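Working notes for the structure below.
Please treat every number below as a calculation from the coordinates, not as lab data. For clarity, every value in this text was computed on a predicted model and none was experimentally measured. Every residue, glycine as well, gets a Cβ built from its backbone with ideal geometry; the counts of neighbours run over all protein chains shown.
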């Protein structure tokens, strides 16, 4: 049944693994107490790269679940971003300030959007302090706002990340005190400004977190079920599966409905960040009127109706209640997705072709499962889902063997800390499958001779 979108009333993340080197010169000098450090001095210092706020393009890093880097790169390019470079667990790209806001609003796969504000070679903690003191934080936030600083490192020679974090925090607060007469308060729970310090073997990079809470927190999911997928990973499964948003989609193990709700938003063209706040809204440079115009434009492009059949089955009625509750909170009508109690071994398709994208039970969720479950489910797929694309994520790397099916593709992914694979199967009609099997057997016999 066609659906109409409701009109609303109004953790550790990955960091870039490569930083472009800068020629080492003498350490920058921090301002003395009470002395304002002119912007010209910052710009003349060859050791530090600092991004100006107005009229500038920024270098950004978008972390994502490991394994979704290529999909994120394609998404960013489709959104119109330039100089997109794939790294480990994320992508670098360039954008102006409007592009920063739109990336937060529109990316389904990124975990957050980090803006590089300064970068320099460092050899010790005092270099970190000096770099923090010459970075113009006052362009972004001031003593009236609360602050949080996080530090991460890859192959850094620094002995204590906690001490590095402290020196970074001291440098930021010292600069704001010297320039504006007060230090920002520290708030590790709900800060107004969040800074990330990333250290590698030779350098330090300061990033301003423009997102705040992770972008996978769309603002609608309260009920999570037994083994929830984060929303950006669910969107990644849909992207990697090649799902056509105009075609039917079934999730036979739908749980709390994350995959199907993400699919509905994709099919409608609803930006994933349209109903949540972002940290850039708390920064000094924020233009509320411009941001409102950007969101109004995005809302105007959301499709008014959804005709694509989206169906979720689960054998557990309790998780179906959670799925329906999540659906209500996601600004979608209850008719958008059909949630039904059903056994994956017995479900039947209502169309000749479509997609299955699912997060089936594995690990502890499957410990009491009948050992014949997988071959029995595979039998249902082969008999009833010919011409369907079947895609499932699992930490059981032997799943294709259990199902006695050969995947067309497999994508390495991480679901949190779990090393998983997305297995993609193209189900073929029985007659074609039998002919293919006979042909394979003939080739085997010929080669054996």
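Cβ crowding within 10 Å ranks 328, 231 as 328, 231, fewest other Cβ atoms first. So, R0 is 51 Å and r is the distance between the beta-carbons of residue 293 and residue 341; what FRET efficiency does that work out to, to 0.05? It comes to 0.70.
Going from the fewest other Cβ atoms within 10 Å to the most, the residues 420, 285 appear in the order 285, 420. Judged by the mean number of other Cβ atoms found within 10 Å, the most tightly packed of the peptides 292-300, 262-270, 170-178 leads the ranking 262-270, 170-178, 292-300. The fewest-to-most ranking of 318, 358 by surrounding Cβ atoms within 10 Å reads 318, 358.
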